[in-house]
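Input: a single structure, listed below in structure tokens.
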Amino acid sequence: MNQRAASAAAGGRRGRAPLDAAAARRRQLQHVDIFRDLNEAQLREVERSMRETRVGAGRAVYQPDEIPEALFLLKTGSVQISRISPDGKRFVIANIEPGALFGEMALLGQSASETFAEALEDSTLGVLRRQDVERIIVRFPLVGVRIMQTLAERLSEAETQLEDLALKSLTARLAALILRLTSAANAQLSGLTHNDLAERVGTSRETATQALNELKAAGLIRIGRKRIDVVDRAGLRGVAETY
């Protein structure tokens, strides 16, 4: 290959790399529920508006009393949304997995007071500023419809959590949580400590451990190190539905 041809080939490779990266970001957006109705050109417009940022494990995406006027897309990693009660207790609202959005409440003018988002591992986020989200909704109204559907689902989940906290025993709340985090196809819950589970149901680690041991003694689950295996899903559901 002569020098001119080699230079052209090298230039072509350099030119393709950014295009390939942008195409990969658009493919990722295609799998985000609120953007699923957009075509390639429309996704390109969204992708150009979204900046990317990285957050290290244990670092905050936003903290109490901050109002992040942005919509966050978790691309890689894991983020936990929590709230701190007036007496200092921590309650986990949600665990965000790759492909999911968060921060939408601030876009509706809701304060993030006492709520914070923390990266559980090194994470990559896509960030859309409020004005960009508003412009995208005006341009592509179906995105607004999908955001409304997402908010309705989050509200339903919050109401379920509130009902559980107000009416169910701790053992029933833990049973319901384990059912939500597992399935018939994958009956193993791994990676969460007893303290993690306690924060999800609003109690202390010691009390959560006692309740888990009750479920274990009843033959409904097996407990290992950062692992819970569902042995009797129907029996666990029976406990979860008690008040």
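Quick notes on this one:
- Cα gyration tensor category, rounded, prolate or oblate, for the range 92-189 with a/c compared to 1.5: prolate
- Rounded to the nearest 20 debye, the dipole magnitude of the chain is 1100 debye, with +1 charges on Lys and Arg beta carbons, -1 on Asp and Glu beta carbons, and the Cα centre as origin.
- For the chain, calculated [θ]222 nm from helices alone, where every DSSP H run of n ≥ 4 adds -39500 (n - 2.57): -15500 deg cm²/dmol
- Per-residue HN-Hα couplings for the range 121-137 [Karplus 6.51, -1.76, 1.60; θ = phi - 60°; Hz; x = Gly/Pro]: 8, 3, 10, 10, 10, x, 10, 10, 5, 3, 5, 5, 4, 4, 5, 5, 5
- Karplus 3J(HN,Hα) series, Hz, for the range 226-240 with 6.51 cos²θ - 1.76 cosθ + 1.60 (x for Gly, Pro): 6, 8, 10, 9, 7, 8, 10, 5, 5, x, 5, 5, x, 5, 4
- Within the chain, longest stretch clear of exposed GluC sites (Glu not before Pro) (DSSP loop, no more than 15 other Cβ within 10 Å): 122-240
- Values of log10 I(q)/I(0) for the chain across q = 0.12 Å⁻¹ run -0.80, by the Debye formula with one identical scatterer at each alpha carbon and no solvent.
- Our coupling estimate for the range 173-183, obtained by passing each phi through the Karplus curve with A = 6.51, B = -1.76, C = 1.60 and θ = phi - 60°, is 5, 5, 4, 5, 5, 4, 5, 5, 8, 10, 8 Hz, Gly and Pro reported as x.
Where a number appears in this text, it was derived from the coordinates with a stated rule and is not lab data. What you see is a predicted model, and the numbers here were worked out from it, not measured in a lab. Quick reminder, even Gly has a Cβ in these numbers, built from the backbone with ideal geometry, and neighbours come from all protein chains shown.
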